[in-house]
Amino acid sequence: FFFFSSRRRHTRFLPVSWARRCVQETGTGVMGKSLCLHLLKAGYSLSVYNRTQSKADELIQQGATFQSPQEIAASCDVVFLMMGFPDDLKQTIYGNSGDNQGIINHLREGTFVVDHSTSSPALAEQIYNDLKSRGVSSIDAPVSGGDVGARNGTLAIMCGGEEKAFEAVRPILEKYGKNIGLMGAAGAGQNTKLTNQIVIASTLHGVVEGLIFAYKSGLNLE
């Protein structure tokens, strides 16, 4: 997962001119690392976090700063996350029962949270409502395009949430995304990604069934 932040405080919705200010990012895996590189190239001052710090070495060498999720959440204006599974996302937001490690306990009022994970629409709605009660805006924004799209800066980004919050963070999304859209209210981004996955799975299934039929019919598959 990864976080971006401006070290300046701001009004409820950030002006578009904010887009090139200092940012922070946490999580530097296959996708996150490429997104970080695009931001560094665009001139952002970047802080990063990864559970294995050595995986962020290349980014640190290029000028990024390593910080903990709690430190980043406490100082940031915009937080972007990309988790492997919904449970990882939930733990990152809320922490474990009885502890204070969830970033929800450290985010300042007026912060924006953008979740690039492929997750549950219901969880996206829960996160939106819980963060809104603390004065924090949330956008669920799963992506499509894989590591190639991340490297080339051509990801499709499907967003759900409030339009003003979406427009505030869009200048950052444009640094690594090409087809970026607000699909509706909280959870709509995740529902769009699920629709995308259903279409892909159905297409693959149809192709496989067609090839099997052709093979059994004695057709030349070459």
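The values are calculated or read from the model by the stated rules, or taken from the named source; none is laboratory data. Quick caveat, the model's predicted, so the values are computed rather than measured. Heads up, the Cβs are rebuilt from the backbone with ideal geometry, glycines too, and the neighbour counts pull from every protein chain shown. The area values use the complete protein model at the heavy-atom level, side chains included, leaving out ligands, DNA and RNA. Shrake-Rupley method; radii C 1.70, N 1.55, O 1.52, S 1.80 Å.
Points to keep in mind about this one:
So that you can scan it fast, the table gives a plain yes or no per residue for (1) modelled with pLDDT under 95; (2) out of contact with any Cys (no Cβ under 9 Å at 6 or more places or on another chain); (3) in a helix (DSSP H, G or I); (4) open to solvent by less than 10 Å² (accessible area, probe 1.4 Å):
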site: ILE157; (1), (2), (3), (4): no, yes, no, yes
site: GLU167; (1), (2), (3), (4): no, yes, yes, no
site: PRO171; (1), (2), (3), (4): yes, yes, yes, no
site: LYS178; (1), (2), (3), (4): no, yes, no, no
site: ASN191; (1), (2), (3), (4): no, yes, yes, no
site: THR195; (1), (2), (3), (4): no, yes, yes, no
site: THR203; (1), (2), (3), (4): no, yes, yes, no
site: GLY206; (1), (2), (3), (4): no, yes, yes, no
site: ILE212; (1), (2), (3), (4): no, yes, yes, no
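- Total residues in the stretch 85-98, condition modelled with pLDDT of 85 or more and either in a loop (DSSP other than H, G, I, E, B) or open to solvent by 30 Å² or more (accessible area, probe 1.4 Å) (or both): 9
- Within the stretch 108-153, the residues that satisfy the criterion of being open to solvent by 50 Å² or more (accessible area, probe 1.4 Å), in contact with a helix residue (DSSP H, G or I) (Cβ under 8 Å, 6 or more places away or on another chain) and at pLDDT 95 or above are ASP130, ARG134.
- VAL16 being modelled with pLDDT under 80, open to solvent by 50 Å² or more (accessible area, probe 1.4 Å) and not hydroxyl-bearing (Ser, Thr, Tyr): yes
- Condition met for ASN196 (in contact (Cβ under 8 Å) with a residue 60 or more places away in the chain and closer than 15 Å to MET158 by Cα): no
- Residues being open to solvent by less than 60 Å² (accessible area, probe 1.4 Å) and without any contact (Cβ under 8 Å) to a residue 40 or more places away in the chain - total across the stretch 67-83: 3
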